[in-house]
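Trainee: Sharing a structure below in C-alpha cells format, with a few things to ask.
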Amino acid sequence: MKKGIAVAGNMIVDMLYPINGFPRPGELTTIVSDMTRATGGCLCNDIIDMAALDPSLKLTALGRVGTDEAGDYLLEGMRVWPNIDLSQIKREGTTSYTLVMADEVSKQRSFYQCRGANAAFCEADIDWDRLDVSLLHIGYILLLDALDAPDEAYGTKMARLLHTARQHGIRTSIDVVTEAGERFRHIVMPALRYTDYCIINEAEAQATTGVQLVDGEGKLIRENMIEALKIMKSLGVSTWAVIHCPEGGFGLDESDDYVEIPGLKLPEGYIKGSVGAGDAFCSGVLYAAWKGKKLSEAIELGTAAAACSLSQPGATEGMRSYEETMRLYQALR
C-alpha cells in the first residue's frame with residue numbers, strides 16, 4: 001500500500017479508577033488509589049499506537065472533540081507525534097469521556113461512557129479531496145450515533161461512509177465497541193459489506209455472527225472460531241477477518257486461509273492495565289496490512305502490540321517502536 005493511514009471516530013478522555021473488585025448491585029467497592037486520566041477511544045488509541053510503531057508513517061485524524069479543557073488534553077496528547085495530522089479534527093460542544101473501573105484483582109474493566117462531541121461525527125466532517133491515504137480505519141461502531149443512524153440505501157450512515165471511502169480508492173477497516181444489547185446485527189452487519197479489514201474481539205464477533213465463542217464459564221470455544229470468521233467474510237469482509245482475545249488471534253486471510261496465533265505467556269505481575277489492549281492489537285494488524293505483510297505476521301505484531309499496552313495502566317503508554325515490539329514478542333512467545 002502507498003500513502004498513509006487515516007483513523008476516524010471516537011476521541012475520548014478515559015478516567016481510570018483502580019478498584020478492589022466489582023460490587024454487586026447495592027454493594028460498595030473501594031477505589032484503591034487516585035484517579036488517572038488518559039487519551040482513549042479508537043481514534044486516539046489507534047493513531048498514537050501506530051505513530052509509536054513507526055514515527056515516519058503519515059497519519060491523519062478524523063473526528064470531533066469539544067472546545068473544553070478535555071478537548072485540549074486530547075489534542076495535546078496527539079501533538080506529541082509530528083506524524084499525526086490533526087487539521088481535520090472538528091471542535092464543538094463537550095468532549096466525550098469514559099469512566100473506566102479497572103479491577104486490580106481480576107484485571108477486568110467496565111466502562112461508563114458519555115458520548116459528547118463524538119455523537120455528531122459524520123461523513124460531512126471528512127474532506128475526501130484532502131485525504132491522501134490508502135487505508136481508513138474507523139471505530140467504534142455502536143458508539144458513533146450519527147453514523148449508526150439508518151440509511152435507506154446502505155443500511156447505516158457508517159456503511160455509506162465506508163462505500164464512499166472505497167470509491168476514493170481507500171481500503172477500509174472497522175472496529176466495534178463491546179456493548180450489551182441487541183444492536184449488533186442491525187448496525188454492524190451493513191458496514192461489513194463495505195469493509196476490507198474487520199478486527200474485533202470474541203464477544204463482538206459472537207454478537208455479530210450469532211456463533212457462540214464463549215461458554216457459560218467464560219471459556220473460549222476455540223473450535224467455533226473458523227465458523228464465525230467464515231460468516232464475517234460471507235457478510236462482506238473482503239480481505240482479512242480477525243478475532244482477538246487473551247487466548248490468541250484468529251483470522252481468515254484474502255484467500256480464506258485460516259491463521260491461528262497463540263497469546264503470549266506474560267510474567268506474573270506484568271499486566272498493569274487492559275484498557276487499550278484491543279486497540280493496540282488492532283493497530284498492529286493494521287500497520288502490518290499497510291506494510292503488505294501476511295496475516296500471520298500481522299497477528300503476531302498485533303499480539304505483541306497488545307502486550308506492550310498491557311504493560312502500563314493507560315491505553316497507549318506502553319507502546320513501543322516496531323522493532324522493540326517484535327523483540328518483546330520473541331522474548332515472550
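Trainee: So which residue, out of Val65, Val177, Val105, gets the largest mean-square fluctuation from a GNM of the chain using Cα contacts under 10 Å as springs?
Mentor: With Cα springs under 10 Å in the chain, the top fluctuation among Val65, Val177, Val105 is at Val105.
Trainee: Still on this structure: Cross-link candidates for Lys230: which aspartates and glutamates have Cα within less than 13 Å, leaving aside residues fewer than 8 places away along the same chain?
Mentor: Asp253, Glu254, Asp256, Asp257
Trainee: Shifting gears a bit: Could you work out the helix-only [θ] at 222 nm for the chain, with each DSSP H run of four or more residues adding -39,500 (n - 2.57) and the total divided by the number of residues, to the nearest 500 deg cm²/dmol?
Mentor: -10000 deg cm²/dmol
Trainee: Follow-up question, since we're still on this one. Using the 10 angstrom Cβ neighbour count as an exposure proxy, how do Thr30, Thr195 rank, fewest first?
Mentor: Lowest count first: Thr30, Thr195.
Trainee: Output the antiparallel fraction of DSSP beta bridges having both residues in the chain, as a percent to the nearest 5.
Mentor: Counting only bridges with both partners in the chain, antiparallel ones make up about 40 percent.
Trainee: On to the next question. Excluding residues on the same chain fewer than 8 positions from Lys272, give the lysines whose Cα lies under 22 Å from its Cα.
Mentor: Correct list for Lys272: Lys107.
Trainee: May I pose another question? What is the sum of charges, Lys and Arg at +1 and Asp and Glu at -1, for the other residues whose Cβ falls under 9 Å from the Cβ of Gly248?
Mentor: Its environment carries a net charge of -1.
Trainee: While we're here: By how many nm would the segment from Lys90 to Val32 lengthen if fully extended, with 0.36 nm per residue of separation less the alpha-carbon distance?
Mentor: So the extension gain works out to 17.2 nm.
Trainee: Also, quick follow-up: Can you tell me the FRET efficiency between Thr178 and Val105 if r is taken as the Cβ-Cβ distance and R0 is 22 Å, rounded to the nearest 0.05?
Mentor: 0.60
Trainee: What Kirkwood Rh does the chain have if only Cα atoms enter the pairwise 1/r average? Answer in Å.
Mentor: 19.7
Trainee: Give the lysines whose C-alpha is closer than 24 Å to that of Lys58, dropping any in the same chain fewer than 8 places away, or say none.
Mentor: The qualifying lysines are Lys2, Lys3, Lys90, Lys291, Lys293, Lys294.
No lab work stands behind these numbers, since they all come straight from the coordinates. The model shown is predicted, which means the values in this text are computed figures rather than measured ones. Cβ: placed from backbone, ideal geometry, glycine included. Neighbour counts: every protein chain shown.
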